[in-house]
């Protein structure tokens, strides 16, 4: 029941907010997102890791076609819902006060949250698809209307790209649906039990699903929408995209691809891992050469998710543990870093790394907080990034040594560009002069301090989170056998 | 007003007959759930068209009542062809619908384009009517009956062991009905007629006229031609896929909003045509659901055109720039309509497409579904272009649009239909099985 409330609450408030037109909508949206966070915490508190799917609600939706409103969470879904509920207040709070059309903006944000939580909890294929697509509309509008630069072309590219993948997935879902015994069903358990598909058909279906997820994540070479979109979108849109939305792809693969098509996954695993690692190396190399701060972060994000993708398709217990943990860590780190980038850009009116400098002198407090975020991103021990990367590389090592070495290379490259970023912006002489020397004012601290605290806390003591997900990962590995 | 009241009455009587199975006039026409539901839909569609008419025709200075009469004749034809049992009545109904449509297309007498549309439609339409008659004659020659149930029994008993003239007759009928619904390669009249006719008539032809023809098409297949022969199935699939691509690709390049809608109507025909090869128990449901959503989305899309026509001669897409600022409600309604036509959840158009694709894939036409998916991706470009235009940019000239109550009402009702059916499609699924 809690999951349903988590979906319905922001949906209703969001729709109401879209048609409202007041300044108070910001506070209302913040209140809703905080309520969501409390509810998600309660759901996590009452969660029993060993008990499988919980908070299940199963109502007939379109009875004639065997489609149900069927939601529930296991450890993996719960952690992602927690991540969504945790990040949303920060994303909303970090929005500038003078944003135009606040009603529509906050409304779309809340609708987006509802769709994301729906994706992470849907246990019916049709419902999953509806939420999956529903998430696309608000983020498209957010990027189109509040973005900067050539938003029309960039957002349309983004939309067409992701919709292309989604539609292929729809065809695959329909195909699977028709393979289920009469009366047909989209239910997760029924789809898991479909066993009359030969390796060839599974291969086709694998690619249909994989493309949808690979575009969303994005895995090389399906990534070309990503850097432009991240740069053009409003910062909060980028936070949503990189912090939460790309996890839809990873989560989708864990829930709907690997267990449903084990044979197809097994046959194409090497390709998927190779593409992921290649993409990670490629993105790291490009990130090294970027002068545009946001673009660099976009490529760094792509490098991180590349390693997550590789860990995912290595199908080892350690790799999957790393995937789940790194999804959380990456979500938090990337949101913090994009926020940092936004602060720097607002103060200096530039994102060019070569023009920035001297921030540590102007505002040492800010530079310390940024340093923690950077450490998280470069997987320094005692930060959350370290735990995630460690498990991921461990999983890759078990799968294939050269892949692990290539993956490890991206961590080193990551350290290079992140430290370069830190050095260029924080030290040296400023070429551009900020019109406001204080970087971390009160409202900035409200966002950065909690996020850095989480980076450190989950890095020092990750056990509760790992425990939450462990049984679900074990079950996933069992389903992946055939 | 009296006309509308009459239509409401007819609508009510149709609904009141629900569940009763009867046939009239020596088994020429029958009243069953299929005919009743489609009749109700056609009546509602005509009603909306009449509701929107007075303002439109007043500006054009055309006799509103004459045109309304023509629409009612067309409606009578439409009801005949969704309820026929006898192929003779199918022909009469199609003729009644077509001849009224020819007149309607030319109803703006002083407009050259309207005259051209009428003439084109008349000439090609007459030729294809003869195809229909020829097809019916061939089917009669083989089976010895005009009654679809008798034909159906004869065909299914023969089990493939049937005179080839039967298939030729079937093909002729497909060609004729394919023309009526504007399926490629018999679609060439549609963009010109839709574009040349007064916008009000375009709305009427592309909703009432098309759904009626589809109702007849599917009724014929469901009753007489089951199971659909393999080659005929493949052929109609190819027609469907070609129609989608031609419609969507052509719509991309249209600057005129009206012409874009005309091509979009052709593309939607392509999707709907997928029900024909997949005829069977579920197909009626799929067509009915898609018919409603298509009509509702078209009503919204065309209402904007009709409103624009009140204020400016230009029908360019750029007239929509900045509409959201002037009129948020209208812009929102058009957004939902475009999302629905493009098949994006949670609008009704998405479930319609899904339903259609499931039907076609279930009947074994998965490749056609893949093509349909790709073509619907193309359609995003022009449907979303409308949304982008409305929400970004500033209007060049501020049109102080006043939306009359009749327009608000029909837009609102259509909007409710699109959202309600999108969120709760279960209301209609399984209705006609």
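Computed from the coordinates by the stated procedures, all read-outs in this text should not be read as laboratory data. Just so it is clear, the model here is predicted, and its values are computed rather than measured. Every residue, glycine as well, gets a Cβ built from its backbone with ideal geometry; the counts of neighbours run over all protein chains shown.
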Packing-based exposure ordering (other Cβ within 10 Å, fewest first) of B:26, A:70, A:184: B:26, A:184, A:70
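Assuming a ≥ b ≥ c are the square roots of the Cα gyration tensor eigenvalues, decide whether the stretch A:88-181 counts as rounded (a/c under 1.5), prolate (otherwise, with a/b larger than b/c) or oblate.
oblate
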Alpha-carbon centroid distance for the pair the stretch A:194-243 / the stretch A:12-67, whole angstrom: 25 Å
Extension reserve of the residue A:289-residue A:179 stretch, reckoned as 0.36 nm per residue once the Cα distance is removed: 34.7 nm
Rounded FRET efficiency, nearest 0.05, which uses the C-beta distance separating residue A:201 from residue B:127 and R0 of 45 Å: 0.50
Euclidean distance between Cα centres, the stretch B:129-208 to the stretch B:296-368, Å: 28 Å
Relative contact order, percent, chain A [alpha-carbon distance under 8 Å, six or more residues apart]: 16 percent
Using a Förster distance of 45 Å, the FRET efficiency for residue B:69-residue B:234 (Cβ separation, nearest 0.05): 0.60
Cα gyration tensor, the stretch B:1-131 - rounded (a/c under 1.5), prolate or oblate: oblate
Max mean-square fluctuation residue, GNM over chain B, Cα-Cα springs under 10 Å, options B:25, B:214, B:332: B:25
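Given the peptides A:43-49, B:15-21, A:316-322, arrange them by the average over their residues of other C-beta atoms within 10 Å, most packed first.
Top of the packing list down: A:316-322, A:43-49, B:15-21.
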Neighbour-count ranking [beta-carbon atoms within 10 angstrom, fewest first] of A:325, B:351: A:325, B:351
Cut-off 13 Å, label 7 Å out along Cα→Cβ of residue A:482, residues of the stretch A:183-220 by amide N: A:192-207
Anisotropy class of the stretch B:1-226 from Cα gyration tensor, a/c 1.5 cut: oblate
FRET efficiency for residue A:34 and residue A:461, using Cβ-Cβ distance with R0 set to 25 Å, rounded to 0.05: 0.55
Highest to lowest packing among A:285-298, B:285-298, scored as the average C-beta count within 10 Å: B:285-298, A:285-298
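Can you pull the semi-axes for chain B, root of five times each eigenvalue of the Cα gyration tensor, sorted largest first, whole Å?
34, 23, 20
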Cα-derived Rg over Rh, computed across chain A with Rh taken as Kirkwood radius: 0.95
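So how do A:255, B:110, A:365 line up by other beta-carbon neighbours within 10 Å, fewest first?
On the way: A:255 22, B:110 9, A:365 15.
So the ranking, lowest neighbour count to highest, is B:110, A:365, A:255.
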Rounded Å value of the spacing that divides the Cα centres of the stretch A:249-281 and the stretch B:93-118: 58 Å
Scaled radius of gyration (Cα, divided by 2.2 N^0.38 Å) that the stretch A:261-482 gives: 1.08
Gain in span if fully extended, residue A:51 to residue A:271, counting 0.36 nm per residue against the direct Cα distance: 75.8 nm
Nitroxide proxy distance, nm - points 7 Å out along Cα→Cβ at residue B:313 and residue B:416: 4.0 nm
Value of relative contact order over chain B, rounded to a whole percent, pairs C-alpha under 8 Å and six or more apart: 14 percent
Separation in nanometres of the label points that stand 7 Å from Cα toward Cβ, at residue B:394 and residue A:99: 2.4 nm
Selected from B:75, B:420, B:359 as most flexible by GNM, with chain B as the system and alpha-carbon contacts under 10 Å: B:420
Calculated [θ] (222 nm, deg cm²/dmol) that DSSP helices of n ≥ 4 give over the protein assembly as shown, each run adding -39,500 (n - 2.57): -24500 deg cm²/dmol
